[in-house]
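The values are calculated or read from the model by the stated rules, or taken from the named source; none is laboratory data. Model, not experiment: these values are computed from the prediction. Don't worry about glycine lacking a Cβ; one is built from the backbone with ideal geometry, like all the others, and counts go over all protein chains shown. Side chains included, ligands, DNA and RNA excluded: accessible areas come from the protein's heavy atoms. Shrake-Rupley method; radii C 1.70, N 1.55, O 1.52, S 1.80 Å.
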Amino acid sequence: MAETERAFARTAGQKGWQHAFYDFFAEEGVGFQPGPVKYRENYRKNPPPPDPLNTVLDWEPLTGDIAESADLGWLTGPYVVLDKTEQKRPRRWGFYSSVWKKQPDGTWRVLADLGIAIPSQGDSLPRQPFTRVKTEGSDKPARAAGAENLRHAEQALADGAAQGVTAAYAKWLSPYARLHRNGHMPFTTPAAIRDHLARQPQSGAWHTLHAEISAAGDMGFTYGSYALRKDSAVTEKGYYMRVWKRNAAGHWRLVFDVTVPLPPAAK
């Protein structure tokens with residue numbers, strides 16, 4: 001799966017990132033513009049510009065995980081956007097996150113992709129060895145009841161967040177959780193995640209638009225919309241994507257969470 005991601009990135013450098021996304025997304029795969037849009041369908045309606053290499057998007061998988069059934073997985077890593085036009089705008093940095101699904105022909109294709117912006121990281125993309133996220137326990141969990149079972153976990157998280165986001169997340173975080181937020185480097189421990197959320201105490205509301213699990217029932221992902229509030233006033237709206245994994249006891253735990261707020265004009 002990670003090697004497919006690297007091939008995806010190489011194709012972007014050769015043909016342009018829009019063409020590469022079309023080649024490597026599943027037909028039902030979504031990007032966020034700012035809400036979820038089926039990328040391949042949108043591409044056919046809105047073809048890329050005449051010179052797709054005017055803007056170069058480069059990225060590298062850093063970490064991720066795969067389901068026991070090897071049919072669903074996720075990856076994340078740094079990306080950099082290079083402007084090749086006459087304006088030569090400064091490099092833009094971020095962390096991408098993508099969920100992959102194995103297709104009937106055995107190839108991996110993207111189901112969903114959502115990224116964040118981070119502070120500048122210098123002149124070139126760091127190349128680091130890929131490491132798989134650790135798992136909780138060695139025993140295989142019992143098969144889940146289906147995507148609806150995952151929706152129950154999502155709803156329980158949302159119910160808790162209505163009273164307070166920090167406490168709600170603390171209850172559901174895996175020991176190996178990652179949190180991605182615009183303008184920040186990824187938070188990669190439960191303590192760092194709780195500290196970040198506690199610095200801006202808020203309540204929240206989420207609406208799940210999609211939930212899907214692996215054939216083994218051990219991994220699932222969701223995406224949807226969210227709104228954050230402070231003192232009853234909405235402070236932020238946007239879209240989220242999450243990856244969940246069941247631990248050895250059979251309980252869903254949150255292993256990856258990324259949000260991207262809507263730009264002011266889109267609110």
Considering residues that are modelled with pLDDT of 95 or more and part of a strand (DSSP E or B), the number found within the range 122-174 is 2
Looking at the range 93-112, is at least one residue in a strand (DSSP E or B), touching a helix residue (DSSP H, G or I) at 6+ places or on another chain (Cβ under 8 Å), on the phi < 0 side of the Ramachandran plot and open to solvent by 50 Å² or more (accessible area, probe 1.4 Å)?
yes
Only one residue in THR222, THR235 is polar (S, T, N, Q) and crowded, with 21+ Cβ neighbours inside 10 Å, so which one is that?
THR222
Determine the pairs where a residue that is within 14 Å of VAL260 (Cα to Cα), located within the range 99-120, has a partner that is open to solvent by 40 Å² or more (accessible area, probe 1.4 Å) with Cβ atoms under 6 Å apart, the partner being 6 or more residues away or on another chain.
ILE116/ASN182; ALA117/ASN182; ILE118/MET185
